[in-house]
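Inspection log for the structure reproduced underneath, given as structure tokens.
The values are calculated or read from the model by the stated rules, or taken from the named source; none is laboratory data. Keep in mind that what you see is a predicted model, and the values were worked out from it rather than measured. Cβ placement follows ideal geometry from the backbone for every residue including glycine, while neighbour counts extend to all protein chains displayed.
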Amino acid sequence: MSGFGFVFPGQGSQQPGMLSDLAIKFPIIQLVFEEASDALGKNLWAIAQKNPNNELNDTSITQPVLMAASVAIWRLWRSQGGANPTLLSGHSLGEYSALVCAEAVAFSDAIKLVHQRGLFMQGAIPVGVGKMTAILSLDVESVEAACSQVENNGVVSVANYNSPSQIVIAGDADAVDEASKLCSEAGAKRVVELNVSVPSHCKLMEPAADELKNVLDTIAFQTPRIPIVQNVDAGISDSADEIKERLISQLFNPVRWTQCLMVLREEGCTSLVECGPGKVLSGLTKRSEPSISSYVTHDPNSISVALENFQSY
């Protein structure tokens, strides 16, 4: 069996009713959500299923819900005889899910941590002041040049290098609008404003990073049992302190997902399993690294197919 990796999605993969079919067949799904709910003092399963008051799109709730979903699928995978992957990586929030599954940090600590991370992000900038926009089918150099041309009018920079054909920019709303217009004029196929309340992975998140550091300093981290490719530089570390530093830096620096995928391939991962609701990362893999096979795990059929290919020795 060739080497394979697990990848963990970030915000944008959530949807009401997620994992409901898995939970009917496998009780472990709701058990993990109960554990997460107890840690946070909030019924995360009810929010994931019914989305009362649109809480599922509140970043301080979205983050623990998505982590619970990914950890639940991971534990289901292991309980069904799924093999341990060679490497892990996670997109933004997904990096925290990867750390839990690699036993680098306790699940209960991580649930509280990502809830606080969401609160810090929300508190860093008033709602409506920032914005994120996806630029489709325009080369990286042109997007970066557009941001540079308007940076004197406010913060704007690349937030996510998602794939060669999908780059997300973030910053002050007016500056993002100006850069987006330049991208359209430069030949972008589409410019799509994202439905988010926080402009992640740009300098506007530096105050949130300072607060996050104070919390991270109180939480015990261990060397991951499975190596993790981290977002800020696609690096792999066995140092708990270095891992924490990269988590802090991740908040106000771009997610270099195309680079993470390249490292996964170079390290021998010929297949990737997306551990979470949806198939966002699988789509990005197909566009960035078409030689890598992708599997999803969000319902009974898809996880059955993945397990057939990656059973423990």
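Here is how the numbers come out for the structure above:
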quantity	calculated
Filter pass, GLY41 being small (Gly, Ala, Ser), modelled with pLDDT under 95 and in the same structural domain as VAL114 (by TED's automatic domain parsing)	no
Check on ASP58, in the same structural domain as VAL296 (by TED's automatic domain parsing), surrounded by fewer than 22 Cβ atoms within 10 Å (Cβ to Cβ), within 24 Å of SER237 (Cα to Cα) and of a type in the set (D, E, K, R)	no
The stretch 46-55 - residue that is touching a residue at least 12 places away in the same chain (Cβ under 8 Å) and surrounded by fewer than 22 Cβ atoms within 10 Å (Cβ to Cβ) and, of those, farthest from the chain's Cα centre (by Cα)	LYS50
Flag if LEU138 is in contact with a helix residue (DSSP H, G or I) (Cβ under 7 Å, 6 or more places away or on another chain) and either outside the structural domain of VAL156 (by TED's automatic domain parsing) or crowded, with 24+ Cβ neighbours inside 10 Å (or both)	no
Residue satisfying condition, being within 27 Å of LEU56 (Cβ to Cβ), under 21 Å from the mean Cα position of the chain (by Cα) and among the small types (Gly, Ala, Ser), within set ALA159, ALA240	ALA159
Subset of the stretch 86-125 [more than 26 Å from GLU211 (Cα to Cα) and more than 18 Å from the chain's Cα centre (by Cα)]	THR86
Residues of the stretch 76-106 that turn out to be in contact (Cβ under 8 Å) with a residue 60 or more places away in the chain and either among the aliphatic types (A, V, I, L, M) or not assigned by TED's automatic domain parsing to the domain that holds VAL273 (or both), as a count	11
Qualifying positions in the stretch 181-206 - crowded, with 24+ Cβ neighbours inside 10 Å and hydroxyl-bearing (Ser, Thr, Tyr)	SER200
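Yes/no matrix, rows are residues, columns are (1) under 30 Å from TRP45 (Cβ atoms); (2) at pLDDT 95 or above; (3) touching a helix residue (DSSP H, G or I) at 6+ places or on another chain (Cβ under 7 Å); (4) assigned to a helix (DSSP H, G or I):
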| position | (1), (2), (3), (4) |
| --- | --- |
| LYS112 | yes, yes, yes, yes |
| MET121 | yes, yes, yes, yes |
| THR133 | no, yes, yes, no |
| SER157 | no, yes, yes, no |
| SER197 | yes, no, yes, no |
